[in-house]
1. For the stretch B:35-50, in order, what is each residue's ³J(HN,Hα) by Karplus, 6.51 cos²θ - 1.76 cosθ + 1.60 with θ = phi - 60°, in whole Hz (x at glycine and Pro)?
2. What average count of beta carbons from other chains do you get within 10 Å of the Cβ of residues in B:112-122?
3. Using only Cα positions of chain B, each an equal point scatterer, no hydration layer, compute I(q)/I(0) via Debye at q = 0.09, 0.17, 0.21 Å⁻¹ and quote the log10 values to two decimals.
4. Which value in nm describes the separation of the simple spin-label points at residue A:10 and residue B:142, placed 7 Å from the Cα toward the beta carbon?
5. Given a Förster distance of 45 Å, report the FRET efficiency between residue A:210 and residue A:130 from their Cβ-Cβ distance, rounded to the nearest 0.05.
6. Quick one: how many lysine pairs does the protein assembly as shown have with C-alpha atoms less than 25 Å apart and a gap of 8 or more or different chains? Give me the count, please.
7. Count neighbours as other Cβ atoms within 10 Å of each site's Cβ, and list the trypsin sites (Lys or Arg not before Pro) in the stretch B:1-39 that are DSSP loop with at most 15 such neighbours.
8. Can you give the FRET efficiency for residue B:93 and residue B:29, using 1/(1 + (r/R0)^6), R0 = 22 Å, r = Cβ-Cβ distance, to the nearest 0.05?
Amino acid sequence: MDRMDTALREFFGDAVVLGGRAHRLVPRLVGGPVTLEKLAGRFRIEATDRGVTRLYPGRGVLAESARARRHAAQAVEELGEYLAGRRAFFSVDVDLAGVAPFQARVLAEAGRIPFGETESYAELARRIGRPRAARAVGNALGANPVPVIVPCHRVIRGDGSWGHYAFGGEMKTRLLALERATPALVGCASTRIVCRRGCPHEQRVGEANRVVFASVPDARSVGYRPCRACRPDAAA
Amino acid sequence: MDEATFTRHAEAYAGRLYAVAYRLLRNRADAEDAVQRTLLKAFAARAAYAPQWAVSTWLYRVLSNVCIDELRRRRPPPEPSPTGGGHHAPRVEPMDLARALDRVPREARLLLALHYVNGLSYRELAKIRGISVNTVKSQLARGKTILRKALGD
């Protein structure tokens, strides 16, 4: 036992007090993988005056102004409804000012893929007029700063496999399954108006008057008109 | 090993794992992250846990792999500029020691941390790293020699 031993013992032995934090470090392992319900409220959201800028696993909100906080609060609420299967679209503003032009175009185009549907990276590349840029499209989506709200999970590989997803393939499966199981269009039998799921008008439709439609033409064919607030006809 | 047993062990060892990770990675966030990752990995592989191992050995083994990965990801520390070495400090200052540890190879650094933080024996270290007791001894000796040289002893 020489001087070095003593020094090392002191250096390493310098008690690192963890206290109750040790328990927090034990991840919630029992209960299996993260489910959608648990995922709600596990986002951290950053917003500016113009809208939501980032969304990633974590908690809380980073917003400087009152306006930014309103955007963030709206995003939290809409995400909760979406993950609970009560919302088929997002109306919260997204601020993509810090994003490169090509990526912004890809993200905007991904936002046009309807709820519950999927598209391949190659198709998306073709739609933005860059048919050979499927990989670049994949990278642009992979770096999506606001996943879920900008639905990059609806883009899958041409052979039907999932491709990469920031929250894991399991989560991509769950989100797509959720979208398939959630009716996107809801009509009210008394007003004869058809809304997108999540529209404030849709949320007031009573259980007895609820009708589910597959498409706007479907609803039109039986005399329903599209809602003027959520505009299901304009949304693909 | 069932989930409840695993959670119990995880809670029992989280603090000790954290102490080692903190000493090796030197910041709270990375240390917490390393412990989390260790527990998640161990949990995912809990079916493969062989009862002839002590639970602690197994968890330390996973942790040491996670820490080694993290250290490997980091850039190597810049070569310290020679500062009039050879002066004899009466006592080794913690800051100097921390800096000197950066120059010790990862494997030896890990063994030093496990040995001095949690007082694990050579035999336990050998089991954790899957190496012989003699290799443990020589690695520790090598690490200490490098430290001594770096500290101008």
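1. 5, 4, 5, 4, 5, 5, 5, 4, 5, 4, 9, 5, 5, 7, 5, 9
2. Counting other chains' Cβ atoms within 10 Å and averaging over B:112-122 gives 3.
3. These q points yield log10 I(q)/I(0) values of -0.32, -0.99, -1.37.
4. 2.8
5. Efficiency computed from Cβ-Cβ geometry: 0.60.
6. Lysine pair count for the protein assembly as shown: 7.
7. B:26
8. My answer for the efficiency is 0.30.
The values are calculated or read from the model by the stated rules, or taken from the named source; none is laboratory data. Please read all numbers here as calculations on a predicted model, not as lab measurements. With ideal geometry, Cβ positions are generated from the backbone for all residues, glycine too; neighbour counts draw on all protein chains shown. Ligands, DNA and RNA are excluded from the accessible area calculation, which covers all protein heavy atoms including side chains. Shrake-Rupley method; radii C 1.70, N 1.55, O 1.52, S 1.80 Å.
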